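Undergrad: The structure is given below, and queries will be raised subsequently.
The values are calculated or read from the model by the stated rules, or taken from the named source; none is laboratory data. A quick note: this is a predicted structure, and the numbers were derived from the prediction, not measured. Cβ sites come from the backbone with ideal geometry, for glycine too, and all protein chains shown count toward neighbours. Only protein heavy atoms, including side chains, enter the accessible area calculation; ligands, DNA and RNA are left aside. Shrake-Rupley method; radii C 1.70, N 1.55, O 1.52, S 1.80 Å.
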Amino acid sequence: MTATAAELDTPLKVGKYTFNSRLLVGTGKYASFELMRDCLAASGTECVTVAVRRVKLDGTREENLLSFVDESKYKILPNTAGCFTAEDAIRTAHLSREALGTELVKLEVLADPTTLLPEPIGTLEACGKLVKEGFTVLVYTSDDPVMARRLADLGVASVMPAGSPIGSGQGVLNPNNIRIILETVREEYKLPIIVDAGVGTASDVTIAMELGADGVLLNTGIAHAQDPLRMAVAMKAGIEAGRLAYLAGRIPRKLYANASSPMEGRIASAKDSIPGE
C-alpha cells in the first residue's frame, strides 16, 4: 500500500495543539461564506484564522462567519488583523478570548495601512503582555532574524516571518533570512516557524516548505484566485510536496551533468547490437 504524506511525516505542534496539516488558512476575502467553507475543506487545513475585528460573529446564520466553519474539524485561530497599536491588539486578543473561548491568538501589530508591514516595537510590547497573560501567541513579524529571536525570547508558541507583504502574492522574497531564522531561532528555541503572508500560488508554498518551514499561513492566494477551489487543492498539494522534499533531502546542485546510469563497464557499440555482423 502506498504511504500517505501524513504517514511519512510527524504532526505540526504549536504549543499544546497538534495538527496533521501544515497549512493554516484564513477566512477573509472570499466571495461568499459558502465558497470559504468549500475551500477550507479542499485545502485540508485543520486550523483557520478569523479576523475578530473584521467579521460578524453573531446575528443570523447568514451573517455569522462561524456558521460556516465546522469547529469539530477546525481549530479557530483568532487574529488581531487591522490593529496598529499594541493596546488595540491586546484589547482585540481579550475580546477574541471572551467571544471564542480560546487562548490562541495570531498577533499582528501593523505599521501602516499601505504596506501592512509589522510594527516592531508595538509587536514586542503586545507580545510580552499577552504571553504573561496566558495567551498562546503565534506572532506575525518581518523576516528579520534578530526580531525573530527577540520574540522567541518572550515565550511565543510560534514565530511567523512574512514571505513578502500581506496579499502581495510575491512569494518568499528573502529565502536566506528565512533559512537563518530556521537554523537559529527554531533550533535554539524549538519553536515552529510558520511562513505567513505573500503567498500567491502553490509553488510559493512549496518553496517555503522546501526551505524547512514548519508550516504556511495564507488567505488571499486562495480567496482571490480565479478558481479558489482549485487553488485550495493546489495549496494542499504544495504543502505536502514541499515538506516531503525537505525531509527527503535534495541532491546537491552541480555545474556539469552527471549521468543517471553508471558510466563504468563495457558500453555496447552500434555494431554489437546488429545480429550477424
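Undergrad: So which trypsin sites (Lys or Arg not before Pro) in region 64-94 end up in coil per DSSP with only 11 or fewer other C-beta atoms within 10 Å?
TA: In loop regions of region 64-94 (DSSP not H, G, I, E or B), the sparsely surrounded trypsin sites (Lys or Arg not before Pro) are K73.
Undergrad: Once you keep just the Cα pairs under 8 angstrom separated by 6 or more residues, what percentage relative contact order results for region 1-149?
TA: So the answer I get is 15 percent.
Undergrad: Let me ask something additional. How do the peptides 95-106, 39-50 rank, highest first, by the average count of neighbouring beta carbon atoms within 10 Å per residue?
TA: 39-50, 95-106
Undergrad: Let me ask another. Please label the shape of region 100-191 as rounded, prolate or oblate, based on the square roots a ≥ b ≥ c of the eigenvalues of the alpha-carbon gyration tensor (a/c under 1.5 means rounded; beyond that, a/b larger than b/c means prolate, else oblate).
TA: oblate
Undergrad: Just want the answer: with Cβ charges of +1 for Lys and Arg and -1 for Asp and Glu, which residue in L12, F84, C39 is farthest toward the dipole's positive end in the chain?
TA: Farthest towards the positive pole: L12.
Undergrad: Express the carbon and sulfur contribution to the solvent-accessible surface of the chain as a percent, rounded to the nearest whole number, probe 1.4 angstrom.
TA: 54
Undergrad: Let me ask something additional. Compute the separation of the alpha-carbon centres of region 93-133 and region 220-245 and state it in Å as a whole number.
TA: The two parts, judged by their Cα centres, are 27 Å apart.
Undergrad: To continue, here is another question. Multiply the residue separation of L229 and K29 by 0.36 nm, subtract the distance between their alpha-carbon atoms, and state the gained length in nm to one decimal.
TA: My answer for the length gained is 70.6 nm.
Undergrad: Here's another thing I want to ask about it. At a threshold of 8 angstrom on Cα-Cα distance, excluding pairs fewer than six apart, so keeping six or more, what relative contact order does region 162-219 reach in percent?
TA: Relative contact order comes out at 42 percent.
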